[in-house]
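Below you'll find the structure, written out as structure tokens, and then a few comments.
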Amino acid sequence: MRDKTSANRNNRVGAGMSLLACLTVGLFVPGCVMEDFNDIGETFFAKSPAEAARDALDPYNPDLRREGVVLLSNAPFGGVDAYLKMYRDYVENDPDPLVRGAAITALARHGDAQDAMLIAPFLSREVEENETVRWYSALALQRLHNVEVIPVLEKSIRDEEETGEIRAAVCIALGQYPEDRVVQMLLFGLDARELSVNIEAGEALWLLTGEQFGMDRVAWQNWYTAALANRNAFKNQQAYFYPTYDRDKSWWEYAAFWLDTSWEKPSSPTGLRSREERRTWEMEGSPSEAAVEQGVERSEFEKVDDLP
């Protein structure tokens, strides 16, 4: 018994020394930044689902609301009806732009095709002056399929006062709609002054047609005119998958080998695929209440995107 106790003590001491060694090495590794140590703190002091839900409903602190929304939307149970109602309310009514951006991202992940119509107005500079919110709206429309948002996407891509990053994101979203008007928008994008818009417009045209003319607008125009006359412009359309966030592991994630860091995989948008396919919560009763009452593990908060 004494030997077993001694072994357990040695294991604990060894684990503590290993962590101390990781921290010490991290202090002297070139490029080590304070965010790495914030990640360490978040690992050991992560919020529970109940705490995240309370933060998401905080009426006074928008930073807590934003963080709570992000944590809930990244959890498997983040798509239950109670949370969807909260996301939609925040998209329309929250005065803080970063909370709106977080709610838009949450709806893009857990909402349905009709939510695209709720999000679409916030892509317009006339409606939303905050660039971050417009950026997250463009990303959201890559994940929600609804042909009714095409006019909003067209207005954005033709707005030469809009940022290149947002217009490039709009080009990606257009790659899921095999229509003549969409091709005309993408041909317009090939003439944009921003290289990022040119590249994404060419990629979207490839998805729609299966042809590869890169950023050569003349080649695209000539081919499309002939294909349109033969009514076979979209016969080789490629499968559309929305892009997802990814990055290399940090030094801390390599050191913390016991953590399972996973990232969301590209998939087809809701509207082309049913919302039910994405649900991972299968408990009976009210999932949101069950999650709080039964204390879902903190590790259930899946890493998907950075906080907006």
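The values are calculated or read from the model by the stated rules, or taken from the named source; none is laboratory data. Keep in mind it's a predicted model, so treat the numbers as computed, not measured. Glycine also receives a Cβ, built like all others from the backbone with ideal geometry; neighbour counts cover every protein chain displayed.
Kindly provide the set of residues from the range 82-121 that are under 18 Å from Ala53 (Cβ atoms) and touching a residue at least 40 places away in the same chain (Cβ under 8 Å), ordered by number.
Ala82, Tyr83, Ala102, Thr105, Arg109, His110 - these are the residues of the range 82-121 that are under 18 Å from Ala53 (Cβ atoms) and touching a residue at least 40 places away in the same chain (Cβ under 8 Å).
Yes or no, residue by residue, for (1) in a helix (DSSP H, G or I); (2) aliphatic (A, V, I, L, M); (3) in contact with a strand residue (DSSP E or B) (Cβ under 8 Å, 6 or more places away or on another chain):
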site: Glu67; (1), (2), (3): yes, no, no
site: Gly79; (1), (2), (3): no, no, no
site: Tyr83; (1), (2), (3): yes, no, no
site: Glu92; (1), (2), (3): yes, no, no
site: Ala103; (1), (2), (3): yes, yes, no
site: Ala120; (1), (2), (3): yes, yes, no
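Within the range 124-157, take every residue that is of a type outside the set (S, T, N, Q) and assigned to a loop (DSSP other than H, G, I, E, B) and give me the one that is surrounded by the fewest Cβ atoms within 10 Å (Cβ to Cβ).
Glu126
Could you say whether any residue in the range 203-218 is among the hydrophobic types (A, V, I, L, M, F, W, C), in the same structural domain as Asp112 (by TED's automatic domain parsing) and touching a Cys at 6+ places or on another chain (Cβ under 8 Å)?
no
If a residue has to be within 15 Å of Ala138 (Cβ to Cβ), not in a helix (DSSP H, G or I) and not acidic (Asp, Glu) to count, how many in the range 158-215 make the cut?
6
Return yes or no: is Glu264 more than 20 Å from Ala113 (Cβ to Cβ) and at pLDDT below 95?
no
If you go through the range 217-251 one residue at a time, how many are part of a helix (DSSP H, G or I), modelled with pLDDT under 95 and exposed (fewer than 14 other Cβ atoms within 10 Å of the Cβ)?
The total comes to 2.
Going through Arg109, Arg100 one at a time, which residue ends up being crowded, with 24+ Cβ neighbours inside 10 Å and charged (D, E, K, R)?
The match here is Arg100.
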